[in-house]
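Novice: Sharing a structure, written as structure tokens. Questions coming.
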Amino acid sequence: MRLLAPSILGLVSLASTAAVPVTTTNTTSTGAEAVESAVETASPEINVDASEVPTKFADVREKIVKEYKNVEEIPTAKYFTESSFHYHYDGRFADKTLPDEKVVPYLSALIQTYLKTMEIVGAETWIMHGTLLAWWWNQKIFPWDNDLDVQISEPTIHFLADYYNMTEHHFEMPDEKDGRKYLLEINQHYAVKDTRDRLNVIDGRWIDMSSGLFIDITAVRKDETKGAGELMCKDRHHYRQDQIWPLRESTFEDVPVKIPYAYAELLKEEYGSKSLTNADFHDHHFNEKTGIWEQVKKQAKRFLPRSLGGQPKSIRSLGIRRFA
């Protein structure tokens, strides 16, 4: 598999919140090809109640605290807890896992609604870790995956904590009469930047209230122990500023997404160089002609390659309200 030279497609300003044309890509391209082969399309329709016009980051950025001081005391309790039946489910909203064949379609709706919500409120976010690796191969969730990871900046975590913590987001879904609701929840210990706080490395979650599945949100912060341009997360991942910014534009699960600037370098650091070329993984083989991970060993139904027909056809935001 050939690694193409990267190109920058540009950045979307945080002040840009209208439904404007965005860049999308061929969904069967590998990473660098996906960044290079962009075509223009229209952003999906957004339907937000006029009485609930969301606060946008660009409108309040001057009000957000500029000095992000570390809270000295290390918490002794973990804020986010996982269910007893599976560590990637929130037990408040489910008592069992989804049927295998439903996991990836639900994850697809999860990332689509998260990205749409961040677009609506003007909050910059990008995919990372295993989700970024899945993007590299074919801009789709791995067929064996059961979790998603995104990152945000330190100003953004403060913005979401101040204005959107514990807000419920209602989306219209095809073939679902009442749609689906999602909860944005910020860890009450998000201001603790110390990596010794091993219980609270996740700064926020985007939770599907119908299934209990969630996206882990981590904030990228200045590394106070190192020089200028050095960044870190509480989960002890370290980056250079020029590895993250300027963010690139692509698509993931058929919707616009941002990815780190040095995506290939970051993936090699985290997973090794073979992660970008090894076409055999988790009892699957990547078919370069079809752009699909094909099962090579009998497993549960959810591991069978899915058709695009399994994806949500149209998702619309129906509004935001405080979670009761």
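Any read-out appearing in this document is the output of simple, stated calculations on the displayed coordinates, not a laboratory observation. In this text the structure is predicted, and so the values were computed from the model without any measurement. Virtual Cβ from ideal backbone geometry, glycine too; neighbours counted across all protein chains shown.
Novice: For Phe252, enumerate residues with amide H under 5 Å from its amide H, sequence gap 5+ or separate chain, H modeled in the peptide plane.
Specialist: Val257
Novice: Which distance in nm do the two modelled labels at Glu62 and Tyr271 give, with both placed 7 Å along the Cα-to-Cβ direction?
Specialist: 4.3 nm
Novice: I've got another one for you. Tell me whether region 196-267 comes out rounded, prolate or oblate; compute the Cα gyration tensor, take square roots of the eigenvalues as a ≥ b ≥ c, and use a/c under 1.5 as the rounded threshold.
Specialist: oblate
Novice: Eigenvalues of the Cα gyration tensor times 5, then square-rooted: what semi-axes does that give for region 81-199, in whole angstrom, largest first? Intermediate results must be reported in sequence, preceding the final value.
Specialist: Values: eigenvalues 108, 66, 61 Å².
Ellipsoid half-lengths, sorted descending, are 23, 18, 17 Å.
Novice: Gap in Å between the Cα centre of region 201-251 and the Cα centre of region 120-147?
Specialist: 13 Å
Novice: Relative to the present Cα-Cα distance, how much length would full extension add between Lys297 and Ile74 at 0.36 nm per residue of separation?
Specialist: Computed gain between Lys297 and Ile74 is 75.7 nm.
Novice: For the ranges 128-135, 69-76, what's the packing order if you count other beta-carbon atoms within 10 Å of each residue, average per peptide, and put the highest first?
Specialist: Numbers: 128-135: 22.5, 69-76: 10.9.
Result, highest mean Cβ count within 10 Å first: 128-135, 69-76.
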